[in-house]
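**Q** Dropping the structure in here first, questions after.
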Amino acid sequence: MSKIFPKSANALPLQILIFLGVLGGVAAAGITYYATPAYLRVGYAPIQPVPFEHSLHAGQLGIDCRYCHVGVEKSATSSIPAAQTCMNCHRTIKAQSPLLEVVRQSEQTGDPVPWIKIHNNPDYVYFNHSVHVNRGVSCVECHGKVNQMKVVQQDKPHSMSWCLDCHRNPAPRIRDPQDVFNLDSQTLAEQGRIEDAKKYIHDWKVLPPTSCSGCHR
Amino acid sequence: MKRKFDHSAPAQRELTGPKYWRSLDELADTPGFREHLAREFPEGASEMNGVDRRQFMRLMAASFALGGLGLAGCRRPEKHILPYGKSVEYTIPGLPLYFATAMPLRKAAIPLVAETHQGRPTKVEGNPSYQPHGGASSLLAQASVLDLYDPERATSHTKGGMNINVADVNALLAKVSSTYAGNGEGLAFLADESSSPTRARLVGRLKAKFPRAIWAEYEPVQDEPPVAAAQAAFGRNVKPVYRFGAAKRIVSLDADFLHAEAGSLYYAREFANGRRVAKASDSMNRLYVAESNFTLTGSMADHRLRVASSHVLALAAALAGKVLGTGAFATVAAGLDFPNKDKWIEECAKDLAEHRGESLVVAGAHQPMQVHVMAYAINAFLGNIGKTIDFVAFEPSSASTITALATAIKGNSIKTLVVVNGNPAYNAPADLDFAKLIGSVPEVIRFGYYADETTAAAGDKVTHLAATHYLESWGDARTVDGTIVPIQPMIMPLFNGLSEAELLARVAGEQNPDAYAQVFLTIGQITSGDGKKAFEKFLHDGQLAGSAYPTVSVTLASQKWDFANIPGFTALSKDNLEIRFATDHKMDDGRFANNGWLQECPDPMTKIAWDNAILISPRLAQELGIVPHGNLLQVARKEEAEYTMGKENARIFEVSLNGRTVRGPVHIQPGLANYTVVLPLGYGRTVTGHIGTGSGFNAYAVRASDGQAFATGAKLVATNDHQLLANTQEHWSMEGRDIVREANLDEFARNPAYVDGIGMESHSPPVLGKDKDKDPAFIASTTPRGNSLYENPNLDGIHQWGMSIDLNTCIGCNACIIACQAENNIPIVGREQVKRGREMQWIRLDRYYSDGGADAEAFGAEGNKVLPEDPQVVMQPMTCQHCELAPCETVCPVNATVHDEEGINTMAYNRCIGTRYCANNCPYKVRRFNFFDFNKRATDALYMGPLGHQKDVPELVKMVKNPDVTVRMRGVMEKCTYCVQRIQQAKIAQKRKAGASGDVEVPDGTIKTACQQVCPVDAIVFGNIKNPDSAVSKLKAQERDYAVLGYLNVRPRTTYLGKLRNPNPHMPDYSALPLSRVEYNKKNGHTEHGVAPAHGEEHGHEAAKPAAEHGGHN
């Protein structure tokens, strides 16, 4: 037999076992991380055509979310501001900055600034911003502390099971309506007022939909 | 959206059936395939490909790759959010905006509100502030949006086949204006009819500038009563506006006032108001219809007389003589004959006389003016004028006719012809041979939406100016009662089109030819005070208050009857047939031929989609020897043609009239006058897009100037050919079942709950046990739903949605089908797929005939062998019933169709794997399956495998889609969702309003489903059945409320209100029971009932036989 297998072959079964073990472990880890709803691009932070800093505008300067995202209280989409909105200030502040060239061009020509979409729900999901922010669900619940992000990244998985976690039990996520746009605020539950949250949910008939028709049309 | 359609001869591959390719190249090398490829991107379509986003992404692809997206990019494609550069006033992305506009059609218009999404119109609704329509619209208005995005419309101005730009067009029009300045000798215009005040003003300017130019107007179909009749009767220019709501007895003399007449929306609405009943003591109008064709109006008739259109004059004379008690009309009435004629006329006249001031006689617009004069005389005699019929003063058009124009062209006196809209080469009277004439004019300027037959006939030198759609142009129009309504653009002209107002203004040499300026000027001249303010109010309201034509009092001129030119009475026979040229229900006069939604919508009576057919009566069919064999299996009626799996194998016949002939498939249509052959107009287009070309045959080919609505002396000759028609309802008898439950008004008065005495439920213990009399909300939330293994969700939402459809007012107009198609992104599938029964429309309009003859013995009983000549008709919109115990849900292996807590049977498209078990298990057969990727493929590329896929569907085609509804892909089941997107939006809007309060219940009436909103007769009502005060709850509480197939205990949320008929007991064709009930009793020939408590004493057993002989007559 020694003519067929060299001596080193004696270690082969063990090597194969170890290799398979490592491979299986990596695959399991990969699948656990990437292929389950828990991941769904959390941490995705593409490079935008304009290096806009939320931490500066919303954080340091304290500009309200709604100054730019005008549709958020009325529409399904929160809407990305028109270049004109940026230029309201930037006509005078940093008016010559090369970083803002794309925005200036956009305002002049009408061609849109090609922002890259971060929170990208599938087309068959009809999410509506207005109904959430008007009923005590803060921006921060889905988008994280954008006011502290230099580059915006996806903070939550936005998977269906993640949506349903809250839709089935909204009490821990509800805020006082006046805190909705205050990204540093605490939920009622965090303030130790879980009973208040439950009372609000009952009194306001929050009743988040948990059946298909709520989001899929 | 399938836009391209191939009607050429099938490729060899198709003829020889399935064949396997050894390689793709082999396939690619066949000429047929190259043809397919060529068709994939028709002219103009490619210009719209890859604009903006796509092109951008392609260009940027490299920089994205360098951007270090890494693994994250593998999972999902990069997407962009593209905001505005400059904000747009009032626009918030994601929220639609609504603007008032109007759709002009001939001398009338439908006021509309258009829904736009970021400047893109996707849907129109009737303008609710225009009272007569009450927010309703028609199927043509609904489908018109699709025309806007038709890739095959004229997309550029051309001269001699070469594109010319806007500056060239303006120069050309200026040249015409200056060349003919002075007297205008040699200049002629041929336009369609229009109600536009701006156009009237500009035509006045043209006439002043070119006094000797010819301004001719031509419309192939007539939908308004002739002014000559009013002139003869009253000596002034007036036209009637009928008040059907006030009429208790209505006689229609060949008038299809529910569909084909101008103002039909208003008339249908008012008619339904006079027909709607809530409780047993309510009264209901009675409708007598004498007609040759079987129209929607005829289907609503309580007494229907089949009479040839050419004999309507004699009938009118006989009726007028009887009502007025004079013998003056006897000569005109001579010759008229049908069974029980004297009694029919006498009793009808008596019924009218007993309802003075609340009766109404309406004559069809296409009837000669003498018929109208007689109708006016009867109405005047009965004191109806001012009560059920008003006369309004208006200025009739002073335009010349197409005949006069043809004479001028023949005399070589026309040097430049401007054709404004219309399509005379296709639809002008055949004796004018207009296609040839137009080719002989030295210069033809053709202004039209499509480059069509007229453009082609004008020869190589023609200048074609691309017209704008009404949704992209400024204009104005008048509704049928004269109210001025604005036409506002919703979008910039997609292809630099020219609007009609601008065209005329440029030729007239106006200072400011801009269409907006012209409309502003016109309205400014009509309104007083601050012009800008008034104009803005006009645009905002969508109508100019108080601009309706004034009602005037008229008196019948002395009884001086001009019967000099009356044609003599001609008896008809197999060898001397009458042809009735009917305005088609969907194609109208042919102008909508390239509209896929309309082509695929089945005709409400024949149920044929994509084609027209020569319609003949069963009697004539028998005499011609074409008694069909029919498939008798499970069909208690010999079919009217040969069917195989939805394909109607129709024989091709040749119709000849005065030496002109046309060939077409024959469809035997019960209910036609015996010797009238109906030829629907508007088909057989030869030069239009892929959808319209080759659909049906062109009936204009045999239509001459002397018989534009009907003509006698025609013959039918058989050929050996056959054609397969896509007929969506081969089965047309209820076979004595209880699907539509009808009663006569007197039975309803005695037994308002008559519906409970019909059907399986009346023979079995109550389906709901002791809860059978509880209201729907209680049943939904409390009554147990059995012990199925399938876990039913709790219906504990604060709303419980339900729908009620009133079969008593439904006129079967099909508007709901198209409204649903427009709202819910439903694709068309093409003729071949309809033949396979794969049509996708979520609403089906079932039409059932009954003549009292169908027998319980399905297989060959005597009553099943005869084709009914004079049936009664019922129409029933059928769509997902949203069963609380839905059979579809229990069989879905992947839970793709489940209930939500508010009672909607939802479809989660992204879960569906396409087993089609649900469709199999649906007792109502209302589920639709995407057999192909209809949204990504042309209808002629369905069978091409991966090669048929359109990677880049033209942007233009996608623009019509409703952004709030998922566009479904292949392999997915779909069905009515109760317009769940509208429900969710309304709920969200309410919650938004509620904020930190509990006021989240959507007020009743906020949500209207698309079918409900379009319905001209308000037959469909949707709402929250948990609220006992909601409109739908009140309707469901009515005693006429019943569930179709209720005995299955599926508890449908959509229920129907039973149909009523109001026949006159003294009429010869009176039947004490509706004929479907006679068939029901025949089938069920029973003596004992179950426990149904309220069944009428009349029910069943001794059902009066219908009068043996119905009015049938040649």
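The values are calculated or read from the model by the stated rules, or taken from the named source; none is laboratory data. Just so it is clear, the model here is predicted, and its values are computed rather than measured. All Cβ positions, even for glycine, are placed from backbone atoms using ideal geometry, and neighbour counts span all protein chains on display.
**Q** For region B:947-968, name all the residues that are in a loop (DSSP other than H, G, I, E, B), more than 10 Å from every other protein chain (Cβ to nearest Cβ), of a type outside the set (Val, Ile, Thr) and within 26 Å of residue B:144 (Cα to Cα). Walk me through it before giving the result.
**A** Quick first cut of region B:947-968, residues in a loop (DSSP other than H, G, I, E, B) only: B:949-954, B:959-968.
Narrowing the set further to residues that are more than 10 Å from every other protein chain (Cβ to nearest Cβ) leaves B:949-954, B:959-961.
Of the ones still in play, those that are also of a type outside the set (Val, Ile, Thr) are B:949-952, B:954, B:959, B:961.
B:950, B:952, B:954, B:959, B:961, listed by residue number.
**Q** For region B:888-918, which residues satisfy the criterion of being among the aliphatic types (A, V, I, L, M) and at the interface with chain A (Cβ under 9 Å from one of its Cβ atoms)? Step through it out loud before you land on a result.
**A** Of region B:888-918, the ones among the aliphatic types (A, V, I, L, M) are B:891, B:894, B:896, B:898, B:904, B:907-908, B:913.
Within region B:888-918, B:896, B:898, B:904, B:907, B:908 qualify.
**Q** If I filter region B:839-884 down to residues being within 23 Å of residue B:1042 (Cβ to Cβ), modelled with pLDDT under 85 and of a type in the set (A, V, I, L, M), which single residue comes out as farthest from the chain's Cα centre (by Cα)?
**A** Out of the qualifying residues, it is B:856.
**Q** Looking at region B:763-773, is at least one residue at negative phi, within 14 Å of another protein chain (Cβ to nearest Cβ) and at pLDDT below 80?
**A** Going residue by residue through region B:763-773, those that are at negative phi are B:763-768, B:770-773.
Cutting the leftovers down to within 14 Å of another protein chain (Cβ to nearest Cβ) gives us none.
The answer is no, given that none of the residues of region B:763-773 is at negative phi, within 14 Å of another protein chain (Cβ to nearest Cβ) and at pLDDT below 80.
**Q** Now a separate question. Kindly indicate whether residue B:209 is within 29 Å of the chain's Cα centre (by Cα) and of a type in the set (D, E, K, R).
**A** Values: within 29 Å of the chain's Cα centre (by Cα): no; of a type in the set (D, E, K, R): yes.
So residue B:209 fails the test.
**Q** Out of the residues in region A:66-79 that are part of a helix (DSSP H, G or I) and at the interface with chain B (Cβ under 8 Å from one of its Cβ atoms), state the one that is nearest to residue A:150 (Cα to Cα). Break it down stepwise before answering.
**A** Just the residues of region A:66-79 that are part of a helix (DSSP H, G or I), to begin with: A:66-68, A:70-73.
Retained after the next criterion (residues that are at the interface with chain B (Cβ under 8 Å from one of its Cβ atoms)): A:70-71, A:73.
Working: A:70: 21, A:71: 23, A:73: 25 Å.
It comes out as A:70.
**Q** When you scan region B:1092-1111, do you find a residue that is charged (D, E, K, R), touching an Asp or Glu at 6+ places or on another chain (Cβ under 9 Å), at pLDDT 90 or above and surrounded by 17 or more Cβ atoms within 10 Å (Cβ to Cβ), even just one?
**A** From region B:1092-1111, those charged (D, E, K, R) are B:1097-1098, B:1102, B:1105, B:1109; that's our starting set.
Cutting the leftovers down to touching an Asp or Glu at 6+ places or on another chain (Cβ under 9 Å) gives us B:1098, B:1109.
Now narrow it down to the ones that are at pLDDT 90 or above: none.
There is no residue in region B:1092-1111 that is charged (D, E, K, R), touching an Asp or Glu at 6+ places or on another chain (Cβ under 9 Å), at pLDDT 90 or above and surrounded by 17 or more Cβ atoms within 10 Å (Cβ to Cβ).
**Q** Okay, moving on. Looking for whichever is within 13 Å of another protein chain (Cβ to nearest Cβ) and either under 30 Å from the mean Cα position of the chain (by Cα) or farther than 25 Å from residue B:742 by Cβ (or both) here; the options are B:1036, B:993. Which one fits?
**A** Details: B:1036 fails: within 13 Å of another protein chain (Cβ to nearest Cβ).
None of the other options fit; the residue is B:993.
**Q** Of all residues being in contact with a Lys or Arg (Cβ under 9 Å, 6 or more places away or on another chain) and within 28 Å of residue A:124 (Cβ to Cβ) in region A:181-206, which is farthest from the other protein chains (Cβ to nearest Cβ)? Just the residue, please.
**A** The residue in question is A:206.
**Q** Moving on. Out of the residues in region A:163-180 meeting the condition of being within 12 Å of chain B (Cβ to nearest Cβ) and in a loop (DSSP other than H, G, I, E, B), tell me which one is farthest from residue B:797 (Cα to Cα).
**A** The qualifying residue farthest from residue B:797 (Cα to Cα) is A:180.
**Q** Determine, yes or no, whether residue B:938 is among the small types (Gly, Ala, Ser) and in contact (Cβ under 8 Å) with a residue 60 or more places away in the chain. Working first, answer last.
**A** Details: among the small types (Gly, Ala, Ser): yes; in contact (Cβ under 8 Å) with a residue 60 or more places away in the chain: yes.
Answer is yes for this residue.
**Q** Sort through B:289, B:277 and tell me the only one that's over 21 Å from residue B:316 (Cβ atoms), modelled with pLDDT of 90 or more and touching a Lys or Arg at 6+ places or on another chain (Cβ under 9 Å). Spell out how you get there, then give the answer.
**A** Details: B:289 fails: over 21 Å from residue B:316 (Cβ atoms).
Checking each option against the conditions leaves just B:277.
**Q** Of all residues in region A:87-111, which are part of a loop (DSSP other than H, G, I, E, B) and at the interface with another protein chain (Cβ under 7 Å from one of its Cβ atoms)?
**A** Within region A:87-111, A:110, A:111 qualify.
**Q** Restricting attention to region A:127-142, does a residue exist that is more than 7 Å from every other protein chain (Cβ to nearest Cβ) and over 30 Å from residue A:169 (Cα atoms)?
**A** no
**Q** Just to be sure, is residue B:908 free of Cβ contacts under 8 Å to residues at least 24 places away in the same chain and under 29 Å from residue B:1051 (Cα atoms)? Before the answer, list the steps.
**A** On the way: free of Cβ contacts under 8 Å to residues at least 24 places away in the same chain: yes; under 29 Å from residue B:1051 (Cα atoms): yes.
For residue B:908, the condition - free of Cβ contacts under 8 Å to residues at least 24 places away in the same chain and under 29 Å from residue B:1051 (Cα atoms) - is met.
**Q** Being surrounded by fewer than 24 Cβ atoms within 10 Å (Cβ to Cβ), out of contact with any helix residue (DSSP H, G or I) (no Cβ under 7 Å at 6 or more places or on another chain), in a loop (DSSP other than H, G, I, E, B) and touching a residue at least 12 places away in the same chain (Cβ under 8 Å): is that true of residue B:460 here? It would help to see each step written out before you state the result.
**A** Numbers: surrounded by fewer than 24 Cβ atoms within 10 Å (Cβ to Cβ): yes; out of contact with any helix residue (DSSP H, G or I) (no Cβ under 7 Å at 6 or more places or on another chain): yes; in a loop (DSSP other than H, G, I, E, B): yes; touching a residue at least 12 places away in the same chain (Cβ under 8 Å): yes.
Judged against the criteria, residue B:460 is a match.
**Q** Shifting gears a bit: Search region A:143-160 for residues being among the polar types (S, T, N, Q) and surrounded by 19 or more Cβ atoms within 10 Å (Cβ to Cβ), and hand back the single one that is nearest to residue A:36 (Cα to Cα).
**A** Of region A:143-160, the ones among the polar types (S, T, N, Q) are A:147-148, A:153-154, A:159.
Filter once more, so that each one left must be surrounded by 19 or more Cβ atoms within 10 Å (Cβ to Cβ): A:147, A:154.
Values: A:147: 28, A:154: 16 Å.
In this case the residue turns out to be A:154.
**Q** Within region B:972-980, does at least one residue satisfy the condition of being within 13 Å of chain A (Cβ to nearest Cβ), farther than 17 Å from residue B:881 by Cβ, of a type in the set (A, V, I, L, M) and surrounded by 18 or more Cβ atoms within 10 Å (Cβ to Cβ)?
**A** Scanning region B:972-980 turns up at least one residue that is within 13 Å of chain A (Cβ to nearest Cβ), farther than 17 Å from residue B:881 by Cβ, of a type in the set (A, V, I, L, M) and surrounded by 18 or more Cβ atoms within 10 Å (Cβ to Cβ).
**Q** Further question: Say whether the condition of being within 14 Å of another protein chain (Cβ to nearest Cβ) and farther than 18 Å from residue B:277 by Cβ is met by at least one residue in region B:1015-1023. Explain how you work it out, then say what you get.
**A** Applying the first criterion (within 14 Å of another protein chain (Cβ to nearest Cβ)) to region B:1015-1023 yields none.
The answer is no; no qualifying residue exists.
**Q** Would region B:1012-1026 turn up any residue that is over 24 Å from the mean Cα position of the chain (by Cα) and part of a loop (DSSP other than H, G, I, E, B)?
**A** Within region B:1012-1026, the first condition is being over 24 Å from the mean Cα position of the chain (by Cα), and the residues that meet it are B:1023-1026.
Now narrow it down to the ones that are part of a loop (DSSP other than H, G, I, E, B): B:1025-1026.
Within region B:1012-1026, one or more residues are over 24 Å from the mean Cα position of the chain (by Cα) and part of a loop (DSSP other than H, G, I, E, B).
**Q** Counting only residues that are under 27 Å from residue B:256 (Cβ atoms) and either surrounded by fewer than 23 Cβ atoms within 10 Å (Cβ to Cβ) or in contact with a His (Cβ under 7 Å, 6 or more places away or on another chain) (or both), how many does region B:774-807 have?
**A** Of the residues in that region, 1 qualify.
**Q** Sticking with this structure for a sec: Which strands (runs of 3 or more DSSP E) does region B:228-343 wholly contain that include 2 or more residues that are of a type in the set (A, V, I, L, M, F, W, C)? Please lay out each step first, then the result.
**A** Details: elements: B:238-242, B:249-253, B:286-291, B:303-306.
Because the criterion is at least 2 residues that are of a type in the set (A, V, I, L, M, F, W, C), the strands (runs of 3 or more DSSP E) in region B:228-343 that meet it are B:238-242, B:249-253, B:286-291.
**Q** Separate question: Touching a residue at least 40 places away in the same chain (Cβ under 8 Å) and crowded, with 23+ Cβ neighbours inside 10 Å - does that describe any residue in region B:171-180?
**A** Checking region B:171-180: at least one residue is touching a residue at least 40 places away in the same chain (Cβ under 8 Å) and crowded, with 23+ Cβ neighbours inside 10 Å.
**Q** Follow-up. Is it true that some residue in region A:55-65 is out of contact with any Lys or Arg (no Cβ under 9 Å at 6 or more places or on another chain), within 28 Å of residue B:985 (Cβ to Cβ), more than 9 Å from chain B (Cβ to nearest Cβ) and not in a loop (DSSP other than H, G, I, E, B)? Steps first, answer last, please.
**A** Residues of region A:55-65 that are out of contact with any Lys or Arg (no Cβ under 9 Å at 6 or more places or on another chain), as a first pass: A:57-58, A:60-65.
When the remaining residues are screened for being within 28 Å of residue B:985 (Cβ to Cβ), the result is A:64-65.
Then drop every residue that is not more than 9 Å from chain B (Cβ to nearest Cβ), which leaves A:64-65.
Those left that are additionally not in a loop (DSSP other than H, G, I, E, B): A:65.
Yes, because at least one residue in region A:55-65 is out of contact with any Lys or Arg (no Cβ under 9 Å at 6 or more places or on another chain), within 28 Å of residue B:985 (Cβ to Cβ), more than 9 Å from chain B (Cβ to nearest Cβ) and not in a loop (DSSP other than H, G, I, E, B).
**Q** Tell me the strands (runs of 3 or more DSSP E) entirely within region B:113-175 that contain at least 3 residues that are out of contact with any helix residue (DSSP H, G or I) (no Cβ under 9 Å at 6 or more places or on another chain).
**A** On the way: elements: B:120-126, B:157-159, B:162-164.
Once the strands (runs of 3 or more DSSP E) in region B:113-175 are filtered for at least 3 residues that are out of contact with any helix residue (DSSP H, G or I) (no Cβ under 9 Å at 6 or more places or on another chain), nothing remains.
**Q** Then there's this: Among the candidates A:51, A:114, which residue alone is within 14 Å of chain B (Cβ to nearest Cβ), buried (at least 18 other Cβ atoms within 10 Å of the Cβ) and out of contact with any Ser or Thr (no Cβ under 8 Å at 6 or more places or on another chain)? So that I can check it myself, show each step before the final result.
**A** Working: A:51 fails: buried (at least 18 other Cβ atoms within 10 Å of the Cβ).
The match here is A:114.
**Q** Check off (1) under 28 Å from residue B:270 (Cα atoms); (2) part of a helix (DSSP H, G or I) for residue B:756 and give me the number that stays unchecked.
**A** Unmet condition: (1).
**Q** Residue B:593 - would you say it is among the aliphatic types (A, V, I, L, M), modelled with pLDDT under 90 and within 19 Å of residue B:725 (Cα to Cα)?
**A** On the way: among the aliphatic types (A, V, I, L, M): yes; modelled with pLDDT under 90: no; within 19 Å of residue B:725 (Cα to Cα): yes.
The answer is no for residue B:593.
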